[in-house]
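Written below as structure tokens is the structure these notes are about.
The values are calculated or read from the model by the stated rules, or taken from the named source; none is laboratory data. Predicted model, so just to flag it, every value in this text is computed and none were measured. All Cβ positions, glycine included, derive from the backbone under ideal geometry; neighbour counts span all protein chains shown. These accessible areas exclude ligands, DNA and RNA; they are computed on the full protein's heavy atoms, side chains included. Shrake-Rupley method; radii C 1.70, N 1.55, O 1.52, S 1.80 Å.
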Amino acid sequence: MTAKPPPIPFNRELDFEYGRADQVSPLIRRVIAPNSGPFSFYGTGTYILGSGTVAVVDPGPLDDSHLEALKRAVDGEEVTHILITHTHIDHSPLAAPFKAWCGAPTYGYGPHGSGKIEQGVEVEEGGDRDFVPDVVIRDGDVVEGDGWTVEALHTPGHTSNHLCFYVREEAALLSGDHVMGWSTTIVSPPDGDMKDYMASLYRLAERDDAIYWPTHGAPIEAPGDYVRALIGHREARERGILKCLADGMTRIDEMVPPLYSGYVPPEMYPAAARSVLAHLVWLVEKGMVRAEGPLGVGAVFHRD
């Protein structure tokens, strides 16, 4: 039997109504899109920073009702910035029609896969291939508005172009999909990278942010402890994979049931397989595991 990782203090409670703009802090409002699902939880939370002249973070998926909700939320205000954490289809596609309505420029790390393509890696299909930011922002860049200041943190792992946004006035981190309070984060190669993801977690663990506002789900009010729990979870998952290999399991489809039984429902096993692959890719890079054939979910793996 493969030992399970230590529990993570998930919070799956959230008081909201679709289309309603909630003032969740003095500087931050949130509107949740009606795109609930196994990867988006209740839906994409679009954040609005400031009052009067505002920034909008992650407009969300292409959904007419959510576009109208955002228009209502900022009615009478000037939108000066549209900030994008990353280019999955539940985060960035609505930026184009929202920009057409309000005229604000978009800000992001780059197009989908830009953190890998520049390294010569061809990323998978999917994601928002149409998004190109008007203004490229990288790690440490600062964006300012009327009464708010945001610092960009490049946190690759979930995607190579993932950014978190630190709101200095409230010591609050808009954590996108890098850290979520309701679930662990999918890391799916080749754009998803477990080595990068863990490095990004270690970086956040050294900070003293007061609160995280993820794009999906409730805020994380003790973020340091929570991030350390995520790190412990991933380290335990790696040990579980190594034990599977020691027990003679050489294929990912053999490893997933003992690793995830009772932890995620079977319909989520394909997603779990992608995370196991991400761990194995990293283990191969560290020289702890070798693979027969191309690195993929169908490869055969052995401990070195």
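Summary of computed values
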read-out: Selected residue (only one of Ser275, Ser261 is within 20 Å of Asp193 (Cα to Cα) and hydroxyl-bearing (Ser, Thr, Tyr)); value: Ser275
read-out: Search result, residues across the stretch 70-129 that are modelled with pLDDT under 95 and in contact with a helix residue (DSSP H, G or I) (Cβ under 6 Å, 6 or more places away or on another chain); value: Val123
read-out: Matching option when the condition is touching a residue at least 12 places away in the same chain (Cβ under 8 Å) and in contact with a helix residue (DSSP H, G or I) (Cβ under 6 Å, 6 or more places away or on another chain), among Asp253, Asp209; value: Asp209
read-out: Residue among Leu49, Leu70, Leu27 that is open to solvent by less than 20 Å² (accessible area, probe 1.4 Å) and more than 19 Å from Pro93 (Cβ to Cβ); value: Leu49
read-out: Filter result (open to solvent by 10 Å² or more (accessible area, probe 1.4 Å), in contact (Cβ under 8 Å) with a residue 40 or more places away in the chain and out of contact with any Ser or Thr (no Cβ under 7 Å at 6 or more places or on another chain)) within the stretch 148-172; value: His154, Tyr166, Ala171
read-out: Residues within the stretch 173-200 that are surrounded by 22 or more Cβ atoms within 10 Å (Cβ to Cβ), assigned to a helix (DSSP H, G or I) and among the charged types (D, E, K, R), tallied; value: 1
read-out: Looking only at the stretch 5-24, and only at residues there that are over 30 Å from Lys243 (Cα atoms) and loosely packed, with under 11 Cβ neighbours inside 10 Å, the one that is modelled with the highest pLDDT; value: Glu17
read-out: All positions within the stretch 87-103 that are open to solvent by less than 10 Å² (accessible area, probe 1.4 Å) and more than 18 Å from Arg30 (Cβ to Cβ); value: Thr87
read-out: Near pairs, Cβ below 6 angstrom, 6+ apart or cross-chain, from the stretch 111-137 (in a loop (DSSP other than H, G, I, E, B)) to any residue that is open to solvent by 60 Å² or more (accessible area, probe 1.4 Å); value: Pro111/Val132; His112/Arg129; Asp128/Ile89
